[in-house]
Amino acid sequence: MKITPFIETKRLAIKLRPAAEKMVKQGHPWIFENSIFKQNEDGKAGDLAIIYDNKKNNFLACGLYDPHSPIRVKLIQYKKPSQIDEEWFINRSIEAFKIRQPLLETDTNSYRLFFGENDHLPGFIADVYNNVLVIKLYSHIWFPYLNWIIPSLIEITDCTAVVLRLSRSLQSKGETFGLRDGQVIYGDLKNEVVIFKEHGVLFSANVIKGHKTGYFLDHRHNRKRVGELSYNKTVLDVFSYAGGFSVHALQGGAQNVTSLDISKQAIEMAKENALLNSHKGAHEVIVADAFDGLQDLINQKQKYDVVVIDPPSFAKRENEISRAKKSYAKLAKLGAQLVNSKGILVLASCSSRIVADDFFEISEEHILAAGRSFEIQDKTYHDIDHPINFTEGAYLKCGYYILD
Ligand code: SAH
């Protein structure tokens, strides 16, 4: 298969400063530019970077060189050298698929097959929506290898079309070899809106224009659970996007579900997704900023049996952490005021820079500050198709609180 023209790569020999070397020995996938202590020659995106031990000069790991990123080398292979060839990628695909197998035994045909670093493929995301594979690249390092990777992915997923998505930062820097964001690189995509199933509930995603790869697969287990908690209940879904939580709640037999999002387009998707499934409950929508919208609902003395608050990442950069914590605090306090007695407040965070313990502590402190006492029903983390193998890979956490 010829997705790109042949892109030549070479091998670089690299040695690291002691602290970075120690991290590599522990299996960390990132080598920052300032940790490189010796490099035999300049590299291009996707060149193989072989990391040698400073003292013993033996092989430590191998990665792909990224001149466009401060994370200069992204590691893909540790301890034992291995030929990085077509077979290596086939093995990675098989391994990744095996991990997802239990999920695919449920009534679900949407899943993340490659979760970047966590599947030893830094900056490489592969999501499947029914029979469409959406690949999102966050780094140029993968271009030389696409002709090998894509066929193995098609084979293992049985997809009939492949869509390529390119991150904004990737598009603004080096060469893309004629590839465009949103390009169909294999097969025939009949409709850019693809319908798929998540634990028996139908959804649709725009795989060409939607956020990331079109949908957020990561909360699947939490959405299923909210669905199970919603029978005969009133539900508020804040930052609803395409209605992930809302539609599961309706399908779970909620009397009434309100989806709130700042984006009119997201709310339209939520309405359409609700209509893909048959349900008796009413679906209401609010287009508003969440902080203002929640305050308005409090002023109107509204209450719900279940309130879900799943905001976007508030700390995309290091210097946003303290503001992000304040936002989580505010949301917990606002949300808590809208929950009926014995109702459930579901608070989620997808900021990897705010660790789970801090997030839960902030949430709990501010539920109390709203004058509500609580019992922790559960705390959940990543679903099967979002495995974690390094600290920064963990980002998702979700607390279930039963309020007095
Ligand atoms: N809960 C969703 C995912 C949320 S993604 C799911 O399960 O799929 C984050 C959403 O927050 C986006 O739809 C975005 O439009 C919305 N958003 C961002 N800032 C917002 C704000 N200030 N108020 C309300 N919605 C906001």
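With the cut-off at 23 Å, report for the stretch 218-403 the share of all Cα pairs above it, as a whole percent. Numbers along the way, then the final one.
On the way: 6452 of 17205 pairs.
Counting pairs separated by more than 23 Å, the tail of P(r) holds 38 percent.
The HN-Hα couplings worked out from phi for the stretch 84-101 by the Karplus form 6.51 cos²θ - 1.76 cosθ + 1.60 (θ = phi - 60°) are 8, 9, 4, 5, 4, 5, 4, 4, 4, 5, 5, 4, 5, 5, 4, 4, 7, 3 Hz, whole numbers, x standing for Gly and Pro. Under a 5 Å amide H cut-off, with hydrogens placed 1.01 Å from N, Ile185 pairs with Val162, Val163, Leu164 among residues at least 5 apart or on other chains.
Cβ crowding within 10 Å ranks Arg180, Arg225, Arg220, Arg353 as Arg180, Arg353, Arg225, Arg220, fewest other Cβ atoms first. Here r is the Cβ-Cβ distance between Arg11 and Thr391 and R0 is 41 Å; the resulting FRET efficiency, rounded to 0.05, is 0.90.
Give the shape of the stretch 1-156 as rounded, prolate or oblate, defined through the alpha-carbon gyration tensor: a ≥ b ≥ c are the square roots of its eigenvalues, a/c under 1.5 means rounded, and otherwise the shape is prolate if a/b is larger than b/c and oblate if not.
On the way: a/c = 2.25, a/b = 1.71, b/c = 1.32.
Prolate.
Taking the chain as a Gaussian network, where each spring joins two C-alpha atoms under 10 Å apart, which residue of Lys79, Lys333, Lys233 fluctuates the most? Comparing Lys79, Lys333, Lys233 in a Gaussian network model of the chain, the most mobile one is Lys79. Couplings 3J(HN,Hα) of the stretch 232-249, computed from phi: 6, 9, 9, 10, 10, 10, 9, 6, 6, 6, 7, x, x, 5, 4, 6, 4, 5 Hz, in residue order, whole Hz [Karplus 6.51 cos²θ - 1.76 cosθ + 1.60, θ = phi - 60°; x for Gly and Pro].
Counting alpha carbon pairs within less than 8 Å and at least 6 residues apart, what relative contact order, in whole percent, applies to the chain?
Numbers: 899 pairs, mean separation 44.4, N = 404.
Here the relative contact order equals 11 percent.
Separation of the stretch 67-93 from the stretch 292-308 is 49 Å, based on Cα centroids. If I take all pairs of Cα atoms in the chain, what percentage of them are more than 41 Å from each other? That tail contains 19 percent of the Cα-Cα pairs. Using the charge dipole of the stretch 218-403 (Lys, Arg: +1 at Cβ; Asp, Glu: -1 at Cβ; taken about the Cα centre), state which of Ile298, Ser351, Ile321 has its Cα farthest towards the positive end. Toward the positive end, the furthest listed residue is Ile298. Computed about the Cα centre, the dipole magnitude for the stretch 1-115 is approximately 520 debye when only Lys and Arg (+1) and Asp and Glu (-1) carry charge, each at its Cβ.
Translational diffusion of the stretch 86-196, estimated by Stokes-Einstein from the Kirkwood radius over alpha carbon pairs at 10 °C in a medium of 1.306 mPa s, is 111 µm² per second. In order along the stretch 215-228, the Karplus-derived 3J(HN,Hα) couplings, from 6.51 cos²θ - 1.76 cosθ + 1.60 at θ = phi - 60°, round to 7, 9, 6, 5, 8, 3, 5, 6, 5, 4, 5, 4, x, 5 Hz, and Gly and Pro are given as x.
Report the percentage of all Cα-Cα pairs in the stretch 11-78 whose separation exceeds 17 Å, rounded to a whole percent. Of all Cα-Cα distances in the stretch 11-78, 25 percent exceed 17 Å. The stretch 219-279 and the stretch 360-404 have Cα centres separated by 20 Å.
Spin-label pair Ala356-Thr160: with each label point 7 Å from Cα along the Cα-Cβ axis, the two points sit 4.0 nm from one another. Largest GNM mean-square fluctuation among Phe177, Phe196, Phe245, using the chain with Cα springs under 10 Å: Phe177. This model, with +1 at the C-beta of Lys and Arg and -1 at the C-beta of Asp and Glu, gives the chain a dipole about its Cα centre of some 720 debye. Does a label point 7 Å from the Cα of Ser172, set along Cα-to-beta-carbon, have any residues of the stretch 318-335 with amide nitrogen under 18 Å, and which are they? Only 318-320 pass the distance filter. Sorting Asp188, Asp261, Asp358, Asp305 by the number of Cβ atoms found within 10 Å of their own Cβ, with the fewest placed first, yields Asp188, Asp358, Asp305, Asp261. Simple rule: put +1 on each Lys or Arg Cβ and -1 on each Asp or Glu Cβ in the chain, find the dipole, and look at Pro151, Thr380, Tyr78; the Cα lying farthest toward the positive end is Tyr78.
Nearest 10 degrees is fine. How inclined is helix 356-369 to the longest principal axis of the chain, computing both from alpha carbons? Helix 356-369 and the main axis of the chain meet at about 20 degrees. Shape of the stretch 191-319 from the C-alpha gyration tensor: oblate (a/c of 1.5 or more and a/b not above b/c, with a ≥ b ≥ c the square roots of its eigenvalues). Within the stretch 1-31, list the residues whose amide N lies under 16 Å from a label point set 7 Å along Cα→Cβ of Asn54. Residues 14-26, 31 fall inside that zone.
Each DSSP beta bridge with both residues in the chain is either parallel or antiparallel, and the antiparallel ones are about 60%. For the residue pairs Lys209/Lys379; Lys330/Lys397; Lys25/Lys55; Lys44/Lys212, the alpha carbons lie more than 23 Å apart in Lys209/Lys379; Lys44/Lys212.
For the chain, a Gaussian network of Cα nodes joined below 10 Å ranks Gln255, Gln83, Gln265 by mean-square fluctuation, and the top entry is Gln83. For the peptides 282-295, 114-127, the ranking by packing is 114-127, 282-295, with the highest mean count of neighbouring Cβ atoms within 10 Å listed first.
Between Lys330 and Val287, what FRET efficiency comes out of the Förster formula 1/(1 + (r/R0)^6) with R0 = 25 Å and r the beta carbon distance, rounded to 0.05? Numbers along the way, then the final one.
Details: r = 20 Å, r/R0 = 0.80.
So the FRET efficiency works out to roughly 0.80.
Residues Thr4, Thr213, ranked from the fewest to the most other C-beta atoms within 10 Å, line up as Thr4, Thr213.
None of the figures in this text is laboratory data; all of them are computed from the coordinates on show. It should be emphasised that the depicted structure is a prediction, and the values quoted were computed from it without experimental measurement. Positions of Cβ are backbone-derived with ideal geometry, glycine not excepted, and every protein chain shown enters the neighbour counts.
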